Amino acid sequence: MKCRRCRGPAVIDIRRHNAAFCRDCFLRHCREQVKRAIKDHEMIVPGDRVLVAVSGGKDSLALWDLLAELEIEADGLYLGLGIGDYSDESGRHARDFAVARGRRLIEVDLREEYGFDVPVAAAATRRAPCGACGLSKRHLFNDVALREGYDAIATGHNLDDEAAVLLGNVLRWETGYLGRQAPVLPNAPGFVRKIKPLVRLGEREMAAYCVLTGIDYQVDECPMAQGNRHLGLKEVLDALEERSAGAKAAFLFGFYDRGREHFLEEAAAERGDLRPCPECGSPTTSELCAFCTLRDRATGENVPVHLRRAPVGD
Ligand code: SF4
Ligand SMILES: [Zn+2]
Ligand SMILES: [Zn+2]
């Protein structure tokens, strides 16, 4: 197997590109894909202050590294979700990466600052942990970015993640979500721009990037991921990709180019009239925003006794 660019010995093949690469040409390929995503979707403009949502996993650390390689200065934000050893380990990977490279890492701990964590929220709401976790992450990324004056929040969603989300939304015809699924969501009053610079790179490429650059990332899966329906959707897409290389990319990029436009009206209508949440100021269509509602439930009486924690400050 030879490298497509330099004809040297290849270390990885990428079937959807019908190509194999040596180490250096592969790293260059990753940089080019990120550069192209940023340019095609106008994700970042010169002078932007970028905040990377860092989980300690391969995608977010590779993203932070790739942005620096492209001379895009970005700080990191790590959220302590309180998921036992998994969170301890994730935090360590994020901190070690930041220290080794002299980067600023902002840390927010759900339990310390808001009095609950993901397992408690899941028990209180009697729903899958990923729902409470995703909601908290979205809220806090935006909140911290607004408070600290960042122009864009970059997340490590890759091609496999986005294709799986798209398949899930299509299977249920979630028209509002379909209208909002994009590699970049522009800023709006109360919302900082969200960008996904890894949409052109797959899961396997991100793992290879970390291995080849010596990035020490959290390999273990989150113990709460069981029951996360995206894992099943990814398996379905992997099976399709196996039969037809490039199927995932065609599905996702075809949607961006020709599908999403049909759902924009629904997405706008679902947003309705936004007003500031009386507790935290975040834009919401309800009386209280979803995060404050979750926090109230997770710190309230309906939390099982064994999971209750002392209120913050006690
Ligand atoms: S798998 Fe679910 S609970 Fe675990 S970090 Fe991801 S979203 Fe949160
Ligand atoms: Zn090469
Ligand atoms: Zn609120």
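Based on the mean of other beta carbon atoms within 10 Å per residue, what is the order of 228-235, 156-163, most packed first? The partial results should precede the final answer.
Values: 228-235: 14.9, 156-163: 23.6.
Packing order, densest peptide first, comes out as 156-163, 228-235.
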Practice problem: Compute the Rg/Rh shape ratio of region 206-283: radius of gyration over Kirkwood radius, all on alpha-carbon atoms. | Solution: 1.12
Practice problem: Report the residue, chosen from Ala182, Ala164, Ala68, that carries the largest GNM mean-square fluctuation when the chain is represented by alpha-carbon nodes joined by springs under 10 Å. | Solution: Ala68
Quiz item: Highest mean first, what order results for 70-80, 237-247 on Cβ atoms within 10 Å?
Solution: 70-80, 237-247
Quiz item: Which one of Gly179, Gly272, Gly57 has the biggest mean-square fluctuation once the chain is modelled by GNM with Cα springs under 10 Å?
Solution: Gly272
Quiz item: Straight-line reach from Lys196: which lysines have a Cα under 21 Å away, not including same-chain ones fewer than 8 places off?
Solution: Lys35, Lys39, Lys58, Lys137, Lys234, Lys248
Quiz item: Gap in Å between the Cα centre of region 101-150 and the Cα centre of region 1-42?
Solution: 34
Quiz item: Which of Thr293, Leu231, Gly102 sits closest to the plus end of the dipole of the chain, meaning its Cα is farthest towards the positive end, when Lys and Arg get +1 and Asp and Glu get -1 on the C-beta?
Solution: Leu231
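Each value in this text was obtained by applying a stated rule to the coordinates, not by laboratory testing. Everything numeric here is computed off the predicted structure, so don't read it as measured data. Neighbour counts are summed over all protein chains in view; Cβ atoms, including those assigned to glycine, are modelled from backbone coordinates with ideal geometry.
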